[in-house]
1. Report whether or not ASP9 is in contact (Cβ under 8 Å) with a residue 60 or more places away in the chain and open to solvent by 20 Å² or more (accessible area, probe 1.4 Å).
2. Working only within region 89-107, note down all residues that are open to solvent by less than 20 Å² (accessible area, probe 1.4 Å) and not in a strand (DSSP E or B).
3. Would you confirm whether or not region 16-32 contains a residue that is within 26 Å of PRO124 (Cβ to Cβ), outside any strand (DSSP E or B) and among the acidic types (Asp, Glu)?
4. Residue by residue through region 46-67, note down the ones that are modelled with pLDDT under 95 and part of a strand (DSSP E or B).
5. On the basis of being part of a strand (DSSP E or B) and either free of Cβ contacts under 8 Å to residues at least 12 places away in the same chain or hydroxyl-bearing (Ser, Thr, Tyr) (or both), does SER43 make the cut?
6. Is it fair to say ASP82 is without any contact (Cβ under 8 Å) to a residue 24 or more places away in the chain, at negative phi and open to solvent by 70 Å² or more (accessible area, probe 1.4 Å)?
7. Go through region 108-129 residue by residue and tally those that are among the polar types (S, T, N, Q) and not in a strand (DSSP E or B).
8. Suppose we filter region 36-62 for residues that are open to solvent by 40 Å² or more (accessible area, probe 1.4 Å) and within 18 Å of the chain's Cα centre (by Cα); how many remain?
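The values are calculated or read from the model by the stated rules, or taken from the named source; none is laboratory data. Remember, it's a predicted structure, so these values are computed and weren't measured experimentally. Here the Cβ is made from the backbone with ideal geometry for all residues, glycine too, and neighbour counts use every protein chain on show. Ligands, DNA and RNA are stripped out before the accessible areas are found, and what is left, the full protein with its side chains, is counted by its heavy atoms. Shrake-Rupley method; radii C 1.70, N 1.55, O 1.52, S 1.80 Å.
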Amino acid sequence: MTFDSYTADLAVGGGRVFVPADDRIIVADTGANLTGSVVTGLSGVRELAMNADDTRLYAALTGSNEVAEIDTASLAVIRRIDLSAHPCPSTLVLLGERLWVGHGCDNGPGGVVGLDLSAATPAPVTVGGEHLRAPVLAAAGDTLVVGRTSLHHADMLVYDVGGGTPELRGTIDGEEWRMDLPTGYRDGTFVSPSSRRCTTSRIYATATSIARWCSLWSAARLGAVGAGQSQPAEGRTDQSKH
């Protein structure tokens, strides 16, 4: 499918693929066949997030300054969470009953808020300070990563959210790693959960513009544990040494 949309995001669950397209969400099956179902009545859909059992889909709506909660069975919008005090919600990441939202319009400022979805009317809780634009977000386990955007060599802020209240664990220096995170696209950064082979979460980031390379860090120590480079960066000769 092709359409004119600012963002390039999707969510997959329950054998279906959900794609934001400006004022609606288009639904297809995992065989890339359109189902004919569309979620309408939305304004400026950006990123999507699916809950663990695929029953709820969340959509950031920049046009109406809301997050829409959608029942994936009926495709009905069952709740709209007001974010008028935090305009232009753009990026989303979900951990259990906590939804983290990156917001920020073109003229700024931006930031991050957390929403407790178990509450009837979730009250936005601010995470950290202001950002120039809406940051990119990633999360897994007890780790929330907030990537600054629209800045040359932008930092990634790593928070511990295991206790409910986000606590800054540390910062991954964008100048050291020459990171230019993509603006408004969640695939710039992601966190892998712990596993039997991996005792702590890992953070992966894809830098753009200046260099096309990816790096990974330990989410606990914030130390680099590996990196690979697909295209040489000016001023860098061997990224794999890091």
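1. Criteria met by ASP9.
2. none
3. If we filter region 16-32 for residues that are within 26 Å of PRO124 (Cβ to Cβ), which is where we start, we get 18, 20, 22-25.
Among the residues that remain, those that are also outside any strand (DSSP E or B) are: 22-23.
From what is left, the residues that are among the acidic types (Asp, Glu) are 22-23.
Yes, region 16-32 has at least one match.
4. Residues satisfying the conditions are ARG46, GLU47.
5. Answer is no for this residue.
6. yes
7. Initially, region 108-129 is screened for residues among the polar types (S, T, N, Q), giving 118, 121, 126.
When the remaining residues are screened for being not in a strand (DSSP E or B), the result is 118, 121.
Count: 2.
8. 4
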